[in-house]
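What follows is a single structure, written as structure tokens, with notes after it.
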Amino acid sequence: MSAKKTTQKPTKKSFPAWGWLLIAAAAVGLVYLLFQPGNPTSAKLPREVSVAQAAALRDEGAFIVDVREPSEWEQGHIEGATLISLGQLLQRSGELPTDQTIVVVCRSGNRSAQGRDILETAGFTTVTSMGGGMNDWQAQGYPVVTGP
């Protein structure tokens, strides 16, 4: 008598349904995080914007923070801007909105870049600085408000 050789077919292991659900939920969450309105990842701001870009951002509802000293502010500032001197910016960062784009402004663009870096370090994600500062703002004919 000959022995019949029986070979077992390898069983095909299927991926569990809960695994597919987990992958789908992660994908939906990732898409939501990447494409929700106002998410800095969906519309990354450049680290520095031109005067024209800053004016456009302001017109779209950006929050303008001026990091100059009060005497400079009184000589001319952007209408609607908020004055917080660079030396006080970190301590007063709680006064800034977390749900708006922030444009940091100064006289020439140097302090505003420092202010942007301070705010980024403090956790603000939609923040940029205006290159050229108020010098360029005024030179390009944009309006200013004088006084306190």
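Structural remarks
- Per-pair calculated FRET efficiency, R0 = 22 Å: residue 98 and residue 26 via Cβ, rounded to 0.05: 0.25
- Cβ-based exposure ranking for 63, 15, in which fewest neighbours within 10 Å come first: 15, 63
- Ordered by the count of other Cβ atoms within 10 Å of each Cβ, fewest first, 92, 58, 68 give 92, 58, 68.
- Charged side chains reduced to their Cβ positions (Lys and Arg at +1, Asp and Glu at -1) give region 48-139 a dipole of some 180 debye around its Cα centre.
Each value in this text was obtained by applying a stated rule to the coordinates, not by laboratory testing. Keep in mind the model is a prediction, meaning the values are calculated, not measured. Here Cβ is always computed from backbone atoms with ideal geometry, including for glycine, and neighbour counts include all displayed protein chains.
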